[in-house]
Amino acid sequence: EDKVVQSPLSLVVHEGDTVTLNCSYEVTNFRSLLWYKQEKKAPTFLFMLTSSGIEKKSGRLSSILDKKELSSILNITATQTGDSAIYLCAVPSGSARQLTFGSGTQLTVLP
Amino acid sequence: NAGVMQNPRHLVRRRGQEARLRCSPMKGHSHVYWYRQLPEEGLKFMVYLQKENIIDESGMPKERFSAEFPKEGPSILRIQQVVRGDSAAYFCASSEDRGGTGELFFGEGSRLTVL
C-alpha cells in the first residue's frame, strides 16, 4: 500500500523564521509529488515535483525532490502569519488518478 | 472561471437520515474525485468519476455510500442512514484529462455533522 509520511506533525514559529517541512513516500510506481496548502477551506496547489534535484520556487516558498531518498522538503523563508496552515504532501497512486496524502504538518506562525 | 463548487458547505443530519453532497467541477474539467477528511487526519481518497462512469471506487465504504456524475448536472455523493462516524469534511476535486500526474483543484468542502 502506498504511503506518505510528513514531519513534523506540527510546528510553531515566529514571524521571520525559516521552516523546513519534510515528506517521505513509499509508492509502487512514482509519477510525481505534490504539495498543497490547506487553510480553513480548500487545499490549494503549491508545487508538483517530478524530477530529482530541481528546485521549484514561488516567492518565499520552495521545494525539492530527492528520488534517491524518497523524500521532498518544503521550505518557507521569512515566515508570515498568513503562512499559518496545514501543509499537505501527496503522491498519485493506484490508478494514478487518486492521490495518497500525508496527514499534514500544521504550521503556526506567531506575530 | 469559477473554481470547483460544492454545496452545501455545512450539513447537519440526525443518525439514520440521508446526506447528499453536490460538486460542480471547474469548467473544462471532466474528472471528479471525492475525498474525505476526518478530524485530525489527512485527506483520504474515496472515488474517481468521469461523466456517467465510476472509474475507481476503491476508497468508498462498501455500504451506505454511493456516487454519481450524470451527463448533466453536478456530481453527487450520497450517504444513506448516516452514523456519527460519517461526520467529516468531504472535499471534491477536479482535473483536466491528463495522464494522472497532474494537480487536482479542490472545492471548499462540505462539512457533515451527524447528531
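The values are calculated or read from the model by the stated rules, or taken from the named source; none is laboratory data. These numbers were taken from a predicted model, which means no experiment stands behind them. Positions of Cβ are generated from backbone atoms using ideal geometry, with glycine treated the same way; all protein chains shown enter the neighbour counts. Ligands, DNA and RNA are stripped out before the accessible areas are found, and what is left, the full protein with its side chains, is counted by its heavy atoms. Shrake-Rupley method; radii C 1.70, N 1.55, O 1.52, S 1.80 Å.
Here are a few things to note about the model shown:
- Test: residue in segment B:94-107 that is in a strand (DSSP E or B), surrounded by 15 or more Cβ atoms within 10 Å (Cβ to Cβ), of a type in the set (D, E, K, R) and within 14 Å of chain A (Cβ to nearest Cβ): no
- A:Asp83 modelled with pLDDT of 95 or more and over 27 Å from B:Glu108 (Cα atoms): no
One line per residue, one yes/no per condition, for (1) part of a strand (DSSP E or B); (2) open to solvent by 20 Å² or more (accessible area, probe 1.4 Å):
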| position | (1), (2) |
| --- | --- |
| A:Gln6 | yes, no |
| A:Asn29 | no, yes |
| A:Lys37 | yes, yes |
| A:Thr44 | yes, yes |
| A:Phe47 | yes, no |
| A:Leu74 | yes, no |
| A:Ala90 | yes, no |
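- Flag if A:Asp66 is within 30 Å of B:Gln50 (Cα to Cα), touching a Gly at 6+ places or on another chain (Cβ under 9 Å) and not small (Gly, Ala, Ser): no
- Residues in segment A:92-111 that are closer than 14 Å to A:Glu39 by Cα and open to solvent by less than 40 Å² (accessible area, probe 1.4 Å): A:Gly104, A:Thr105, A:Leu107, A:Val109.
- Among the residues making up segment B:29-70, those that are open to solvent by 40 Å² or more (accessible area, probe 1.4 Å), more than 14 Å from B:Gly109 (Cα to Cα), in a strand (DSSP E or B) and touching a strand residue (DSSP E or B) at 6+ places or on another chain (Cβ under 7 Å) are B:Gln50, B:Ile54, B:Ile55, B:Ser66, B:Glu68.
- For A:Gly82, the conditions (1) open to solvent by less than 50 Å² (accessible area, probe 1.4 Å); (2) assigned to a strand (DSSP E or B); (3) farther than 13 Å from A:Thr105 by Cβ are fulfilled apart from (2).
Residues are listed down the side, and each one gets a yes or a no for (1) touching a Gly at 6+ places or on another chain (Cβ under 9 Å); (2) surrounded by fewer than 14 Cβ atoms within 10 Å (Cβ to Cβ); (3) within 30 Å of A:Leu9 (Cα to Cα); (4) polar (S, T, N, Q):
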{"position": "B:Met5", "(1), (2), (3), (4)": "yes, no, yes, no"}
{"position": "B:Glu72", "(1), (2), (3), (4)": "no, yes, no, no"}
{"position": "B:Ile76", "(1), (2), (3), (4)": "no, no, no, no"}
{"position": "B:Val83", "(1), (2), (3), (4)": "yes, yes, yes, no"}
